[in-house]
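Asker: Structure in structure tokens, see below.
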Ligand SMILES: Nc1nc2c(ncn2[C@@H]2O[C@H](COP(=O)(O)OP(=O)(O)OP(=O)(O)O)[C@@H](O)[C@H]2O)c(=O)[nH]1
Ligand SMILES: [Mg+2]
């Protein structure tokens with residue numbers, strides 16, 4: 001089996017007015033990967049986010065603001081590199097875990113999914129923590145397999161899988177990206193990660209977003225198991 005290095009890695013994200021966080025996120029990726037990972041930002045900002053991204057050598061793809069999933073879906077299929085990692089551009093996810101994620105892909109996993117709830121996610125608002133635990137239970141019940149964090153923004157994927165599956169969800173894309181591979185028999189592993197408090201404003205309405213995510217989980221689980 002091929003052993004991938006940081007030269008085979010792309011880190012991709014949707015960015016929507018993340019001026020307060022992007023410097024730190026891209027700086028962390030560069031220092032952890034010695035500047036070797038490709039960075040792709042699908043950007044809908046009207047602040048300085050895209051300029052900062054370009055200064056850091058990131059590929060910036062402009063897109064009108066249509067929601068998380070539209071941005072991340074475009075970002076996921078942009079790189080030619082064989083391993084693609086997603087993150088949010090809000091400084092919540094530990095880029096220092098990139099080597100561990102790559103290592104797990106090298107061990108044979110197709111998807112490595114950051115599990116924020118394992119360590120308690122104290123930095124997450126209580127409402128979100130409760131919601132995320134509930135989504136995980138819902139998905140686990142519908143799939144017959146226990147998962148712990150369906151809505152995490154940090155995952156590593158083998159590139160082919162991203163192109164072999166058709167993705168349909170917007171706010172629920174993160175859950176879809178875990179559920180479809182699992183139910184199709186890909187090797188999926190949840191890896192505990194620490195989670196930090198967000199820098200800058202949230203882009204997600206918790207009630208509306210939460211309802212959309214629950215709907216996506218039910219839809220995707222039913223589609224995969226009953227056509
Ligand atoms: N390009 C683009 N990016 C988006 C859009 N909506 C959200 N994003 C980005 O997607 C990522 C996730 O959004 P967040 O606001 O962090 O959503 P969240 O993680 O559910 O909420 P928090 O708990 O506040 O972090 C961030 O990097 C956003 O900038 C959009 O419409 N277009
Ligand atoms: Mg976030």
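Asker: Can you go through 121, 136, 199, 156 and tell me which one is at pLDDT below 95, crowded, with 18+ Cβ neighbours inside 10 Å and either part of a strand (DSSP E or B) or within 16 Å of ligand 1 (Cβ to nearest atom) (or both)?
Answerer: Being at pLDDT below 95, crowded, with 18+ Cβ neighbours inside 10 Å and either part of a strand (DSSP E or B) or within 16 Å of ligand 1 (Cβ to nearest atom) (or both) holds for just one of 121, 136, 199, 156, which is 121.
Asker: I would also like to ask the following. Within the stretch 180-193, can one find any residue that is within 16 Å of ligand 1 (Cβ to nearest atom), over 17 Å from residue 76 (Cβ atoms) and modelled with pLDDT of 95 or more?
Answerer: yes
Asker: Sticking with this structure for a sec: Go through (1) surrounded by 18 or more Cβ atoms within 10 Å (Cβ to Cβ); (2) within 17 Å of the chain's Cα centre (by Cα); (3) in contact (Cβ under 8 Å) with a residue 40 or more places away in the chain; (4) on the phi < 0 side of the Ramachandran plot for residue 100 and report which single condition fails.
Answerer: Failed condition: (1).
Asker: From (1) more than 16 Å from ligand 2 (Cβ to nearest atom); (2) without any contact (Cβ under 8 Å) to a residue 40 or more places away in the chain, pick out the condition that doesn't hold for residue 205.
Answerer: With respect to (1) more than 16 Å from ligand 2 (Cβ to nearest atom); (2) without any contact (Cβ under 8 Å) to a residue 40 or more places away in the chain, residue 205 is out only on (1).
Asker: Sticking with this structure for a sec: If I filter the stretch 202-223 down to residues being within 15 Å of residue 165 (Cα to Cα) and surrounded by 18 or more Cβ atoms within 10 Å (Cβ to Cβ), which single residue comes out as farthest from ligand 1 (Cβ to nearest atom)?
Answerer: 221
Asker: Another question about this same structure. Being crowded, with 22+ Cβ neighbours inside 10 Å and either in a loop (DSSP other than H, G, I, E, B) or within 16 Å of ligand 2 (Cβ to nearest atom) (or both) is the filter here, so list the residues in the stretch 46-67 that pass it.
Answerer: 49, 58, listed by residue number.
Asker: Then there's this: Of all residues in the stretch 8-38, which are out of contact with any strand residue (DSSP E or B) (no Cβ under 9 Å at 6 or more places or on another chain) and part of a helix (DSSP H, G or I)?
Answerer: Residues satisfying the conditions are 23, 24, 27, 28, 31, 32.
Asker: Could you grab me the full set of residues in the stretch 83-96 that are surrounded by 22 or more Cβ atoms within 10 Å (Cβ to Cβ), more than 16 Å from ligand 2 (Cβ to nearest atom) and within 28 Å of residue 201 (Cα to Cα)?
Answerer: The answer is 84, and nothing else.
Asker: Restricting to the stretch 68-77, what's the tally of residues that are within 11 Å of ligand 1 (Cβ to nearest atom), more than 13 Å from residue 18 (Cβ to Cβ) and surrounded by 17 or more Cβ atoms within 10 Å (Cβ to Cβ)?
Answerer: Matching residues across the stretch 68-77 total 5.
Asker: Quickly run through the stretch 159-179 and pick out the residues that are part of a helix (DSSP H, G or I) and buried (at least 21 other Cβ atoms within 10 Å of the Cβ).
Answerer: 173, 174, 175, 176, 177, 178, 179
Asker: In the stretch 22-52, which residues are under 16 Å from the mean Cα position of the chain (by Cα) and farther than 21 Å from residue 80 by Cα?
Answerer: 22, 25
Asker: Another question about this same structure. Considering the stretch 103-125 alone, what residues qualify as being in contact (Cβ under 8 Å) with a residue 60 or more places away in the chain and more than 16 Å from ligand 2 (Cβ to nearest atom)?
Answerer: Correct list: 104, 105, 106, 108, 109, 110, 111, 112, 118, 119.
Asker: Tell me the residue from 43, 80 that is crowded, with 22+ Cβ neighbours inside 10 Å, over 22 Å from residue 182 (Cα atoms) and touching a helix residue (DSSP H, G or I) at 6+ places or on another chain (Cβ under 9 Å), please.
Answerer: Residue meeting the stated conditions: 43.
The values are calculated or read from the model by the stated rules, or taken from the named source; none is laboratory data. If you're wondering where the values come from, they're calculated on a predicted model, not measured in any experiment. Reconstructed Cβ throughout: ideal geometry from the backbone, glycine too, with neighbour counts over all protein chains shown.
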